[in-house]
Amino acid sequence: MRAEIKIYTVRQEFGAAVAERWLDFYRESVAEHGDFHVALAGGSTPRQLYHLLSRTDISRKVDWQRVHIYFGDERFVPGDHPDSNFRMARESLLDHVPVPDANIHRIETESGDMQEVAYRYEQVLVNHLPKAENGVPRFDLVLLGIGPDGHTASLFPDTDILNQQERYVDAVYVKQKSSWRVSITFPVINSARHVLFLVAGADKRSVVQQILSGSPHSPQFPVEMLKPLGQVEFYLDSEAAGRIDSRD
């Protein structure tokens, strides 16, 4: 996977750099088509980014009326549950910036079975996102993390969703977590204008070494199955980077 790689030894610098990059993507997208469509990631690493976006000068440089918020994946829990990605984003970002409610497109897990929830969210993407040249809904920015097992979003090893090439959103049972998830799929991630990975922690080091080593090998982890058409950037802390060097 061809990607720009940025490595930071100080966590505050890591978050600040990603927040500035968010602002770059926002300005580029608004200049091109008037709005900024971004898929948020869950987990602990993005929380710092969301905090900075909502509580620093960057927030005042954004016309939040032009920002449309989506989610890369969600657990099958209510929106106020402690495990909800939406709740984390709401508490750390959305409650603190003037994004119109109509611009917040959450995965509504309160009604219907998981396949119905996935279908409804797929229709949200189809109806609201711009389209790539191949007709696939196109995010301006997809934020992603990587797990120690090489999953990204809720694309986990040994799950059927890894073979999904027709749907833009699908339901998946993650045996390792004993839980159902809803996730965007490879086709919609691959079509994004920008894909930005936020990876921190020594437990991610072996995965990072594998996917960014530059040596030819067969994909071992779900994240290696991505074939993005847009720009890919990795923001790593030094613990996750290990021997990997920064590169543009």
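The table for this structure:
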quantity: Residues within region 47-59 that are buried (at least 23 other Cβ atoms within 10 Å of the Cβ) and over 16 Å from residue 98 (Cβ atoms), tallied; calculated: 1
quantity: Boolean, residue 19 is of a type outside the set (Val, Ile, Thr), out of contact with any Pro (no Cβ under 8 Å at 6 or more places or on another chain), closer than 19 Å to residue 177 by Cβ and crowded, with 18+ Cβ neighbours inside 10 Å; calculated: no
quantity: Boolean, residue 133 is without any contact (Cβ under 8 Å) to a residue 60 or more places away in the chain, surrounded by fewer than 18 Cβ atoms within 10 Å (Cβ to Cβ) and either among the polar types (S, T, N, Q) or part of a loop (DSSP other than H, G, I, E, B) (or both); calculated: yes
quantity: Failed condition for residue 146, given (1) within 23 Å of residue 228 (Cβ to Cβ); (2) in contact with a Gly (Cβ under 9 Å, 6 or more places away or on another chain); (3) part of a loop (DSSP other than H, G, I, E, B); (4) among the β-branched types (Val, Ile, Thr); calculated: (2)
quantity: Residue match in region 29-42 (condition: surrounded by 20 or more Cβ atoms within 10 Å (Cβ to Cβ) and farther than 22 Å from residue 232 by Cβ); calculated: no
quantity: Residue count, region 7-53 (criterion: over 22 Å from residue 67 (Cα atoms) and over 17 Å from the mean Cα position of the chain (by Cα)); calculated: 7
quantity: Checking residue 120 against (1) closer than 24 Å to residue 154 by Cβ; (2) in contact with a His (Cβ under 7 Å, 6 or more places away or on another chain), the condition it does not meet; calculated: (2)
quantity: Residue ranges of strands (runs of 3 or more DSSP E) in region 16-110 with at least 2 members farther than 25 Å from residue 201 by Cβ, of a type in the set (A, V, I, L, M, F, W, C) and out of contact with any His (no Cβ under 6 Å at 6 or more places or on another chain); calculated: 67-71
quantity: Every pair of residues 6+ apart whose Cβ atoms lie under 8 Å, when the first sits in region 17-32 and is closer than 19 Å to residue 130 by Cα while the second is among the aliphatic types (A, V, I, L, M) and part of a helix (DSSP H, G or I); calculated: 22/49; 22/53; 22/58
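Bear in mind that the values in this text are calculations on the coordinates, not laboratory data. Fair warning: this is a prediction, and the values are worked out from it, not measured in the lab. A quick note on method: Cβ atoms are made from the backbone with ideal geometry, for glycine too, and the neighbour counts reach across all protein chains shown.
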